[in-house]
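This report refers to the structure that appears directly beneath it.
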Amino acid sequence: MTNQITANRGKWKTWLAVIVTAAVILYSAAGIDYSGLQYFSPSMAADVFRGLMRPDWSFFYDGSGEDLVSLLLLTVGIAFLGTSIATVLAQAVVSLLFVLATRRDTILFGRMKLGVPGKWADWAEIGKIGLPVAAQSIVFSSLSMIIARIIAGWGDTAVAVQKVGSQIESISWMTADGFATALNAFVAQNHGAGKKERIRKGYQVAMGLMGGWGLFTSLVLILFPEVVFRIFITEAAVLPMGVSYLRIMGFSQLFMCMESTTAGAFQGLGRPVTPTVVGITGNLLRIPLALLLSATLLGLDGIWWSISISSILKGIVVPVWFAFVLRAFMNRDVKTI
């Protein structure tokens, strides 16, 4: 038994070394310019690996015996490296947990045979549902880079404000995404069982909850933007720009919650194309709006308004569209959905 435990530890250390090495290689291959920040040396990176192989997992040590945690905090380059390692390790742990969960499942995964090819009809059905959502994500990421390039014209401070501000406002849309996932499963289950009234009631409950949360976050960002932004950044030169961003984006939080939640309902009915079309169209609208409004007296605020306005429009169109779809569905006129 002891030999088996020792062998398992050896395997974990080997895999851990591979993961950490891959993280460092990928990070280095990204070619990120430190712009004058302190470089981390190969010897220090090697010391990180040696620290990972120590039995004491509470601390990392460098070659001189100093606590590497302090170096991670004081050296930006090492902090970036630590973030990369932490991200890769977290993803590896989560993947392992998923594998363990599937091995214990007896309802779905216990009956799956990985060596048996799936049916083309099943692949087509999965693609029909998944590809529109994937396309929307790809377009959104691409447009976000274009928006970031426009924002960069106002300097590094504007980019920093947008990054921090988007993380702050994620309290609304990330919560809505969670409810959208739950509503997706709820609608799909009841759709398969033919329980249409439960679909209607479930959607109303989800929209009520998300409407309340969206309204709350909107009020917080509109009325108390400075209080919220000061939690993360207190520099006097950055604060006014951050306050303006949060206040403008506050007007769209309710509508973003409505859009995300309704998109989950559409997907539960097996019809993801509608929210995808609206989402892509709304996101594409941000580019000309940003260029147009930023050329006015609004300046940088015009970019924030372009994002907020497009979110408001999507948050109106998607729920209204679903209202017609749901009415047709409740009347059993499935062909018109």
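A few notes on this one:
- Only listed residue being over 25 Å from V320 (Cβ atoms), loosely packed, with under 14 Cβ neighbours inside 10 Å, at pLDDT 85 or above and small (G, A, S), chosen from A237, A152: A152
- The residue pairs whose first member lies in region 137-158 and is free of Cβ contacts under 8 Å to residues at least 40 places away in the same chain, whose second member is surrounded by 13 or more Cβ atoms within 10 Å (Cβ to Cβ), and whose beta carbons are closer than 7 Å, counting only pairs six or more residues apart or on different chains, are A148/V159; A152/V159.
- Condition check for S244: within 26 Å of the chain's Cα centre (by Cα) and in the same structural domain as A152 (by TED's automatic domain parsing): yes
- Test: residue in region 221-229 that is in contact with a His (Cβ under 7 Å, 6 or more places away or on another chain) and part of a helix (DSSP H, G or I): no
- Scanning region 265-274 for residues that are at pLDDT below 90 and buried (at least 18 other Cβ atoms within 10 Å of the Cβ) gives Q267, G268, L269, R271, P272, T274.
- Restricting attention to region 100-125, the residues being among the β-branched types (V, I, T) and either at pLDDT 75 or above or touching a helix residue (DSSP H, G or I) at 6+ places or on another chain (Cβ under 7 Å) (or both) number 1.
The values are calculated or read from the model by the stated rules, or taken from the named source; none is laboratory data. What you are looking at is a predicted structure, and each value in this text was computed from that prediction instead of being measured. Here the Cβ is made from the backbone with ideal geometry for all residues, glycine too, and neighbour counts use every protein chain on show.
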